[in-house]
Amino acid sequence: MASTYTPLGIELQATGENAGTWGTKTNTNLQIIEQVAGGFTQQAVSDSGDTTLSVSDGSTGATLSHRVIEFTGSLTGARNVTIPLDVQNFYILKNATSGSQVVTFKYATGTGTSAAVPNGKTVIAYAKADDGTNPNITMQEFGGDVVDDTSPQLGGNLDTNSFMIDFDDAHGIRDENGAEQLIFETTSSAVNHIDITNAATGAGAQIGAVGDDTNISLRLRPKATGNIEVMGATNPGTVQLNCESNSHGIQLQSPPHSAGQSYTIKFPTSNITAGTFLKVDSITGSGATAVGQLTFDSSPATTGKAIAMAIVFG
């Protein structure tokens with residue numbers, strides 16, 4: 001009886017067959033198994049039609065017999081990469097094509113599910129061979145992508161429709177539409193980090209700085225000319241800071257406060273260039289309808305940057 005082959009090309013040698021070549025064929029089988037277990041290969045995707053991946057019986061090198069497949073090529077439209085109906089395996093697939101097109105990994109025929117790999121993304125695709133006519137491929141994305149799961153867990157239990165773990169660039173979470181929602185950047189040899197603490201009834205939840213250092217600042221950083229805004233639930237309050245220009249400014253807006261309520265605003269007094277500098281010691285509101293009062297330092301600094309300030313009480 002002649003040898004037979006698995007869907008991934010491994011030779012199943014019949015008893016008494018391949019005298020004198022049994023060792024060579026066994027070594028080839030082991031190499032194919034090694035490819036399937038952890039091999040990496042690249043596959044150019046055709047821009048004119050489907051790219052068909054075929055089995056290579058009894059020999060190494062078949063693309064579909066590798067664990068990790070990176071799709072390459074320049075595409076002008078979405079394209080398909082197909083495998084035979086009897087292939088059962090899981091793959092790590094990366095769409096490294098140019099042209100911002102989706103590459104769909106699917107069975108050669110049938111109406112089963114497939115794995116649509118967005119451009120620049122990486123997915124895990126499970127080729128199930130679960131039906132002789134319409135087998136299914138299911139997918140989970142990572143490397144900046146969305147997990148195909150309605151109840152994923154991250155850090156125990158993340159109650160969101162989707163999350164991503166990006167092994168290529170930043171790490172973070174995406175929403176159910178695949179848009180970035182929270183991105184984690186890295187610092188070499190970091191020792192300090194953010195701590196988010198929940199709260200019991202009557203207390204407020206907290207975002208804080210923790211780590212190895214004794215004293216740790218907590219920074220908020222807008223982009224370009226954007227503002228840092230603090231919004232209240234019923235009575236809105238805003239804080240606007242301009243720190244990297246020739247004028248330093250603070251704008252506060254809040255509802256009236258009770259009599260005797262005081263505020264202090266501190267401005268930088270060192271490492272500044274010549275100019276006009278105003279130091280405000282305190283701002284005091286007197287009564288619910290008071291306009292508010294400014295108390296100035298008796299000897300304001302004579303050097304510094306010009307300060308534009310508006311204090312508004314409701």
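The values are calculated or read from the model by the stated rules, or taken from the named source; none is laboratory data. Please read all numbers here as calculations on a predicted model, not as lab measurements. Note that we place each Cβ from the backbone using ideal geometry, even for glycine, and neighbour counts take in every protein chain shown.
The table for this structure:
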read-out: Selection status of residue 71, among the aromatic types (Phe, Trp, Tyr), more than 25 Å from residue 110 (Cβ to Cβ) and modelled with pLDDT of 95 or more; value: no
read-out: Every residue from region 104-127 that is surrounded by fewer than 20 Cβ atoms within 10 Å (Cβ to Cβ) and in contact with a Ser or Thr (Cβ under 7 Å, 6 or more places away or on another chain); value: 104, 108, 110, 113, 116, 119, 126
read-out: Subset of region 84-95 [part of a loop (DSSP other than H, G, I, E, B) and either surrounded by fewer than 17 Cβ atoms within 10 Å (Cβ to Cβ) or touching a helix residue (DSSP H, G or I) at 6+ places or on another chain (Cβ under 9 Å) (or both)]; value: 84, 86, 87, 88
read-out: All positions within region 31-43 that are surrounded by fewer than 12 Cβ atoms within 10 Å (Cβ to Cβ) and more than 19 Å from residue 127 (Cβ to Cβ); value: none
read-out: Extreme residue, surrounded by the most Cβ atoms within 10 Å (Cβ to Cβ), among residues of region 1-25 that are under 29 Å from residue 128 (Cβ atoms) and among the hydroxyl-bearing types (Ser, Thr, Tyr); value: 6
read-out: Given (1) modelled with pLDDT under 95; (2) on the phi > 0 side of the Ramachandran plot, index of the condition residue 22 fails; value: (2)
read-out: Enumeration of residues in region 32-85 that are of a type in the set (S, T, N, Q), closer than 22 Å to residue 98 by Cα and in contact (Cβ under 8 Å) with a residue 24 or more places away in the chain; value: 41, 42, 43, 46, 51, 52, 72, 74, 76, 80, 82
read-out: Selected residue (only one of 65, 54, 74 is in contact with a strand residue (DSSP E or B) (Cβ under 9 Å, 6 or more places away or on another chain), loosely packed, with under 14 Cβ neighbours inside 10 Å, within 22 Å of residue 127 (Cα to Cα) and in the same structural domain as residue 101 (by TED's automatic domain parsing)); value: 54
